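Q: My structure is below; once you've seen it, I'll send some questions.
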Amino acid sequence: MDIDLIGCPMDLGQTRRGVDMGPSALRAAQLEKRIEALGHNVHDLGDIDVPEVETRKLRNPQLRYLDEVVRACEAIAKKVEKSARAGHFPLIVGGDHSIVMGTVGGLTKARGPQGIIYVDAHGDFNTTDTTPSGNIHGMGLSAIVGLGNKKLVNIGGIGPKIRPENVALIGVRELDPGEKELIKKSEIYVATMRDIDEKGIGRVMRDAIERAKDGTKGVHITFDVDVLDPREAPGTGTPVPGGLSFRESHLALELLAERNIATSFEIVEVNPLLDTGNKTAELSVGLIESLLGKRIL
């Protein structure tokens, strides 16, 4: 494949510094070289411009840095749309998870209705009415399906972007009370860590694939490294004990590669300031390799 690497050093969607260095950490882990070793062509399109938080004034604590996040996501949407229209595979590296609104905006504009497999320890299903923090990285999934602030919902010029019945949320294990109620009322497919423990990651991923691909023009995979157990991935800002193991995460992405289902991929929330020896970035590159076809035998 022709793979377009797009860096999104966004850190405005949350409050812990360092996640803006995620794209650099993945590049330092030889991301481009390791993908090319699988036989793909990689085009590094560089990073979008994101303002530094110190240069901005916080206007609304319930929607922290709303205008700045929207502008950055619009820039992401344009780059992703151009990549998708060229028939390339957009590979987006973050940055915090608010970038998903821009990514999916660009994909939907270029290709039409998308499905999404959203791998995350959190639901990211808050709105202005439910958020306890005002952090927009916790509102990405709700905005994609049309809930919450209209500026977020309409990023990329399209809103809603994805039908709830084409959403699969995988690995969730920490939800705020308000977003829990919103998820219960929605039509999205949710596989908690208990579901994964009971059914196994293979069964869960096969169910997720069926939901995401039904009637869509492509399936986007967005992977937050906090879905992994913190012992595997210490370099992230919102760790939650009891996450996916090394092998469960690789198997999930190997199954996606086997089914040839992913038309774009995004990995977010790598924070080198909290990492140990770039361990989380190295693991993230390994996961990308699994999605792009690397096999044990």
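Q: Given E187, E179, which one is buried (at least 21 other Cβ atoms within 10 Å of the Cβ) and among the acidic types (D, E)? Please lay out each step first, then the result.
A: Details: E187 fails: buried (at least 21 other Cβ atoms within 10 Å of the Cβ).
None of the others qualify; the one that does is E179.
Q: From T276, T236, which residue is in contact with an Asp or Glu (Cβ under 7 Å, 6 or more places away or on another chain), of a type in the set (V, I, T), modelled with pLDDT of 95 or more and assigned to a loop (DSSP other than H, G, I, E, B)?
A: Numbers: T276 fails: in contact with an Asp or Glu (Cβ under 7 Å, 6 or more places away or on another chain).
Testing whether each residue is in contact with an Asp or Glu (Cβ under 7 Å, 6 or more places away or on another chain), of a type in the set (V, I, T), modelled with pLDDT of 95 or more and assigned to a loop (DSSP other than H, G, I, E, B) leaves just T236.
Q: Which of the numbered conditions does T108 fail, given that it passes all the others? Conditions: (1) among the hydroxyl-bearing types (S, T, Y); (2) touching an Asp or Glu at 6+ places or on another chain (Cβ under 8 Å); (3) crowded, with 24+ Cβ neighbours inside 10 Å; (4) over 21 Å from V270 (Cα atoms).
A: (2)
Q: Restricting attention to the range 130-146, which residues are hydroxyl-bearing (S, T, Y) and either in contact with a His (Cβ under 6 Å, 6 or more places away or on another chain) or surrounded by fewer than 24 Cβ atoms within 10 Å (Cβ to Cβ) (or both)? Working first, answer last.
A: If we filter the range 130-146 for residues that are hydroxyl-bearing (S, T, Y), which is where we start, we get 130-131, 133, 142.
Listed by number, the residues that qualify are T130, T131, S133.
Q: Okay, moving on. Hey, can you tell me all the residues within the range 131-158 that are more than 16 Å from A212 (Cβ to Cβ), hydrophobic (A, V, I, L, M, F, W, C) and either assigned to a helix (DSSP H, G or I) or over 13 Å from the mean Cα position of the chain (by Cα) (or both)?
A: I136, A143, L147, L152, V153, I155, I158
Q: So in the range 159-204, with the set limited to residues that are within 15 Å of G148 (Cα to Cα) and outside any loop (DSSP other than H, G, I, E, B), which one is nearest to the chain's Cα centre (by Cα)?
A: P164
Q: Out of the range 1-35, which residues are of a type outside the set (V, I, T), buried (at least 17 other Cβ atoms within 10 Å of the Cβ), on the phi < 0 side of the Ramachandran plot and outside any helix (DSSP H, G or I)?
A: Listed by number, the residues that qualify are D4, L5, G7, C8, P9, M10, D11, L12, G13, Q14, A29.
Q: Looking at the structure I just gave you, is A208 among the small types (G, A, S), touching a residue at least 24 places away in the same chain (Cβ under 8 Å), closer than 28 Å to G106 by Cα and not in a loop (DSSP other than H, G, I, E, B)? Spell out how you get there, then give the answer.
A: Numbers: among the small types (G, A, S): yes; touching a residue at least 24 places away in the same chain (Cβ under 8 Å): yes; closer than 28 Å to G106 by Cα: yes; not in a loop (DSSP other than H, G, I, E, B): yes.
When the stated conditions are applied, A208 passes them.
The values are calculated or read from the model by the stated rules, or taken from the named source; none is laboratory data. Just so we're clear, the structure is a prediction, and the values are computed from it rather than from any experiment. Glycine gets a Cβ as well: all are built from the backbone with ideal geometry, and neighbour counts include every protein chain shown.
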